[in-house]
Structures are given as structure tokens and as C-alpha cells.
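The next block holds one structure in the form of C-alpha cells; read it before the comments.
The values are calculated or read from the model by the stated rules, or taken from the named source; none is laboratory data. Because the structure is a prediction, the values reported are computed rather than measured. Counting neighbours? That spans all protein chains shown, and the Cβs are built from the backbone with ideal geometry, glycine included.
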Amino acid sequence: MSDASTRDRGFFGETIRQGRIFVWYFAQFVKMRLAYRTDFVIDALAVMFSALVQLAVLLTLFNKVEALKGWSFEQVLFIYGFSLVPLGLFNLCAVNLYRFADAFIIEGRFDRVLLRPLNTLAQVLLESFNISAFNEMGLGLALMIYAGRKLSLSWGIEEILALMVLAISSSLVYSGVFLAITSVSFWQEDRMGLAPPVYNVIRFSRYPITIFGAPVRFFLTFVLPFAWVAFYPATWFIGSPEFARWAYFTPLVGGIVFGGAVLIWSRGVRNYSSTGS
Amino acid sequence: MTGSNSERSGERNDPPGGESLIRVRGLTRDYRLIKKREGVAGGLIDLVRPRKHTLRAVDDVSFDIAPGEMVGYIGANGAGKSTTIKMLTGILTPTAGEVSVGGLVPWKKRQQYTRNVGVVFGQRTQLWWDLAVVESFGLLKKIYEVPDDVFAAQMKTFNDLLSIDEFLHQPVRKLSLGQRMRCDLAAALLHRPRVLFLDEPTIGLDVVGKENVREFLREIRDRAGVTVILTTHDLGDIEKLCRRVIIIDKGKVHFDGDLEALRLRTGSPVRLSVELRDPVASARLAEVTAQLPVRWQEAEGLQHVAEFRRQDVSGAQVIETLVNGCKVSDLHLAEPAIDEIVASIYRDPGKESE
């Protein structure tokens, strides 16, 4: 029954094979999206608009005050800019997580996912993309470059590598948290009631967490670790040695959160009970 | 399909007695449901102490299917058909029991298993809604690693039998239901699976659409020897495609065997329609066939209908007696329709009811 000859490529070989397929998924998706140009433009505008609103909040805030608990406007702006990059990476693939309970569990599309010889999580994350998330990342980079110049930050190889590693690690924190929440739908078919409040917490994580009291800081560092999606990693760049040390733990936190979420997901897949009779 | 005949025929030279390709033993699946209480207070109580109860959707189902068989798996809504199919395809894990399809357990090594089977759900497409048909097939080719020559041969077969080339460049969402079903069938067979699972493949199709699907399934059964399990509400599908049926009711197998044996077992009556030259009352005809176990429906005039059971009397005997006794202008003998047979199985007293 099994054609072992073409199958035994080992874990890495198979991962590469599937990786290629998902690159193809992405190409197909972009092609398809570009066919609906207006949708594409509207999405892009919506993303930019919501980012600019948040930026306006920062600007207004710093119109009134010189600094925020010792953090200058440029530093806060840099942290905000950084936060947009991992958020964009996450949003790029998170489309299906938001609608997972409805589209995959209740509508039963997860059946199809299980019928293909591909990783289930990769299929869900990499089947639909939110291309306008690139705008988010672009805006984030622009803000970082602008604020960085004011802070006389020099961008060398080291900084660029650090940015890549830290941004990916931070996006794993986002993905892990929302993946864990999404996985609950395997047990509880009710709509994901947890996602919107958790999503709102992200907003807090864009400020230097020293402006909050100790309980909130603890919460954002260890419980819902959104301090790792912007504040800790961003401080590595803007030279605040007290917190920059924490930045080195970002990949570890990303790995733990995402790894844990994948475990919950796999248990959920085993618990999947499909719809209908 | 095409090109696969040679390699498959070797495997189909089964030892006498027949080796099964699909082996199902004691397959059982429970669903755990929460019985909701009414009102706000009830909702709160549900949160703390939900009233759980278990529904056994599939109950100790066992059967064997030989390579190349096309088996109809039928039952009413909620009888457990889809649940069985979902366990056989690896979507659901059973509560108890064993399944082996070509030596593989569907819910273990899922990725490897899916390469060996094709699945069509009539209710929803397996294709990418927004992609053109041709792109969907290109993607499936990559996913299942179908070699170029096999792909070309398969596509040719699908064009010949299903005329999918007519809408290859349209996105799946723009296809009619019939076209979509043709694509889904082709997509499920692209990687030349040995086993094909069809869950309601003709649901919602018009007469022509149904006929197309049945014609195609007959072709692939004969050409490629694909083993097929088919669930359906439309017993016409079974009558046209399957010699063997498995009937499931309330999760249990009620019948497993030949369609003919099923007709005999249930003893549903054969119906003889008679057209006479001169009008008479049915009582007169009953006198003619008084010696035979035949029942006439009350009627006056030229058209009459008699019912009898094959076990009791042969059709020839009834017709002979009738032709000798009165002037007959036309006769038509109808086998019991399979849906009547199934209905009679469901009415069968002595089976537990809810």
C-alpha cells in the first residue's frame, strides 16, 4: 500500500518538501488576491489607518508630556515601531486562526485539512494570507528607522540580524498565544470568546512596561507574555541596559510559548470530532 | 486509473477465499454531548456542572471489503454512515474497534494514509474555493507528488469521462454543483488511490448530473479496479453501482450482503401491473388466481395491480394462470424498489427504538 521509496525522506526532507508546497500556496494566493485589486487596496488602507490612529495617540500624549517615566518620545516611538514588525508577521498568517472555530470546526473544513498529506497546522496557517500585513511591517520599519536616527542608532549587520531574530521570536509569542486560544475550539465549539480581550492586551504591550505597576509588569512578562513582543526586544536597540539583558530571552520565550501552543493544538487535533452525523 | 491497470491487476489475484483490503472490527464511536439546561440560571449551572450524556453513533460495526468491490453503505439520517466514513478516512478516531485499510490504520500515520485513499464529500468541496480548477489540480499534483506522466494520463481520463476541460480555467466557486462534483471526483482520484470513499456523491444533483456521476464511477470501477465505499440517500446510486450493500441503523449493521439477497430476505412483494381488454372488477381476477398466493388491489376497469412474494410463487406461474383465465393486453412485472426494502427493514419490529 505504501510506496516507501518516495516517502522515506526523513523529517527534514519532508519539511522541505512541504515548505516548497506552502511557498506555492503563497504564490497562488498573491496571484488570486491581486485579481481583486479593490479589496486589496481597501485592506491595505484599513491596516494603515489603524496603525496611524495609534501613532496619533502617541503624538497627542507626547504633546502634553516631555517624557513617560523617563522614556523619551523617540524611544516610545521606536518600541511601537518594533511592535508592528512581529505583529505584521503574525497577521500575515493569522487569518485562519481568527475564523478557525467558525470556518474550520463548525463548517467542517478541518475534515479537508485532515485528508491531505500535509501538516495540519501549516495548512491552517499558510492557506490564507493577509498581504496587507506587509504594510504594517513597512510602517513599523519606517518608524524604527526614523526614531533610530533621532536616537543616533547605527544599523550594522549585528542590528539587522538581531532585528530578524527578535522579530521572528516575538511573532512566535503572538502566534503561540493565539494558537493556544484557537486550539480551545477543538474542545469548546463556542466562538472564541477569549481572543478579542487578549488582542486588546497587545495595546498595553507597546508602551515601556515600567509605566505600569508591578502586578501588570509581572503579568505581561510571565503570564500573558506580551512584554516580549515589543518592549524587551526593542530595548536591546535603544540602549537601556537594564532591560536589554532581558531581550536575549526573547527567542526562548517565543520557543516555549509557540512550542506549548503546538502541543495543545496536537492534542486538539486528536480530540477533533467533526460535524454532522 | 489509466496506466495503473498492470500494477494493480497483480495485486488483485487474491488467494481463494478473498483477502480483504478493508477490514473493520468492532468499530464504535461515542459522541459526548452536553444537555443544556434552560434559562440564564440553567446556563450558569451548565458551566459548573454540565449534564453530559453519551451518544453512540456507531456501535460495534464489522465488515470486510475485498479489493475492487464497490459497496453501498446506506442508512437513514443519523444512522452513523458519515461517522463510519470519517473513521475509515482517518478524520475521526474511534472510541473502540479496529480498522485496517491495506494494512494501514487510518488515524495513525495520517499523512501516509491519506496518500493511499481518495475522499469525496458531496456536501462540501475538497478544492480551493478561489483557485481555478486547473490550478487546484496543479497544487494537488505537488501535494501528492504525482509524476508528470501519470498526471497527464489522469487528466486525459478525466477529460474523456467527465469533460472537465470545459471549465478548467474557472474558479471552483463559479462552478455549478454538477461541475464541482465532477472536479471533486477527479481530484480525489488524481493520485490514483486504491480506495475511494464517497459520502453522498450525488446529493443535490439533477437527473443528468446523477447519471454522469454514476457512469463515471462504473467506468473507474471497471477500468482501474478502485475499491469504493459509497454512502448515499439515493438508492438509485446503489441499484446502478453496487452489488453489495451494508445497511446501518442506529449505529449497528442491519444487513450486509447481496442486493438480491436483501430483496429475498425482506420478502417485499413483487408488483404485477395488468392491463385487460375488457373492464372487470378486481374480485373477478382474484377468482382467476384463487389457487395462488396473490393479492389484488381493489380496482374496477382495465388497470389492475397484483402483489405476491417470490418465495411463495414464481412470476411465470402467476402470469400463466392469468393469461389462461382472462384476456390480457399488457403486463408489467416490477421488482420491489430498494427504498421500499430499506424502509421495511427500518420498520422491522423487535429492534430497539429511542
Check your understanding: How do the pairs read when you match residues in the stretch B:166-185 that are of a type in the set (F, W, Y) with residues anywhere that are part of a helix (DSSP H, G or I) and crowded, with 17+ Cβ neighbours inside 10 Å, using Cβ under 7 Å and keeping only pairs 6 or more apart or on different chains?
Key -> B:F167/B:V133; B:F167/B:Q179
Revision key, fill the gap. Being buried (at least 19 other Cβ atoms within 10 Å of the Cβ) and over 30 Å from B:C183 (Cα atoms) narrows B:L217, B:L230, B:L272 down to just B:L272
Check your understanding: If you scan the stretch B:137-158, which residues turn out to be surrounded by 15 or more Cβ atoms within 10 Å (Cβ to Cβ) and of a type in the set (A, V, I, L, M)?
Key -> B:L139, B:L140, B:I143, B:V146, B:V150, B:A153, B:M155
Point to revise | Residue satisfying all of: in the stretch B:118-139; at the interface with chain A (Cβ under 8 Å from one of its Cβ atoms) and not in a loop (DSSP other than H, G, I, E, B); nearest to B:Q170 (Cα to Cα) among these | key: B:E135
Practice item. Output the residue which, of all residues in the stretch B:96-107 that are more than 9 Å from every other protein chain (Cβ to nearest Cβ) and either more than 23 Å from B:G251 (Cβ to Cβ) or among the hydrophobic types (A, V, I, L, M, F, W, C) (or both), is nearest to the chain's Cα centre (by Cα). Key: B:V99
Check your understanding: With the stretch A:25-121 as the region, which helices (runs of 4 or more DSSP H) entirely inside it contain at least 3 residues that are within 23 Å of the chain's Cα centre (by Cα) and free of Cβ contacts under 8 Å to residues at least 40 places away in the same chain?
Key -> A:37-64
Check your understanding: From A:G260, A:G254, A:G268, which residue is within 14 Å of chain B (Cβ to nearest Cβ) and part of a helix (DSSP H, G or I)?
Key -> A:G268
Point to revise | Single residue of the stretch A:156-215 satisfying the filter (outside any helix (DSSP H, G or I) and of a type in the set (F, W, Y)) that is farthest from A:R99 (Cα to Cα) | key: A:F212
Study note, to complete from the structure: Given (1) surrounded by fewer than 22 Cβ atoms within 10 Å (Cβ to Cβ); (2) touching a Pro at 6+ places or on another chain (Cβ under 8 Å); (3) away from chain A (no Cβ under 11 Å), B:S62 misses just (2)
Practice item. Please find, among B:T93, B:T89, the residue that is over 23 Å from B:I341 (Cβ atoms), polar (S, T, N, Q), surrounded by 22 or more Cβ atoms within 10 Å (Cβ to Cβ) and facing chain A (nearest Cβ under 7 Å). Key: B:T89
**Study point:** Residue check, B:A152 in the same structural domain as B:D234 (by TED's automatic domain parsing), of a type in the set (G, A, S) and farther than 19 Å from A:I21 by Cβ
**Key:** yes
Revision key, fill the gap. Here the residues within the stretch A:236-253 that are buried (at least 23 other Cβ atoms within 10 Å of the Cβ) and farther than 20 Å from A:G148 by Cα are A:T250, A:V253
Review point. On the given criteria, is B:G97 touching a strand residue (DSSP E or B) at 6+ places or on another chain (Cβ under 8 Å), assigned by TED's automatic domain parsing to the domain that holds B:G68 and under 27 Å from B:F63 (Cα atoms)?
Key: yes
Review point. Just a yes or no: is a residue in the stretch A:217-235 modelled with pLDDT of 85 or more, in a helix (DSSP H, G or I), surrounded by fewer than 20 Cβ atoms within 10 Å (Cβ to Cβ) and among the basic types (K, R)?
Key: yes
Review point. What residue, of A:L87, A:L114, is among the aliphatic types (A, V, I, L, M), within 22 Å of A:Y232 (Cα to Cα) and buried (at least 18 other Cβ atoms within 10 Å of the Cβ)?
Key: A:L87
Practice item. Just one of (1) crowded, with 19+ Cβ neighbours inside 10 Å; (2) touching an Asp or Glu at 6+ places or on another chain (Cβ under 6 Å) trips up A:Q123, so point out which. Key: (2)
Review point. For the subset of the stretch B:146-185 comprising residues that are farther than 17 Å from B:L131 by Cα and in contact with a Gly (Cβ under 7 Å, 6 or more places away or on another chain), which member is modelled with the lowest pLDDT?
Key: B:G178
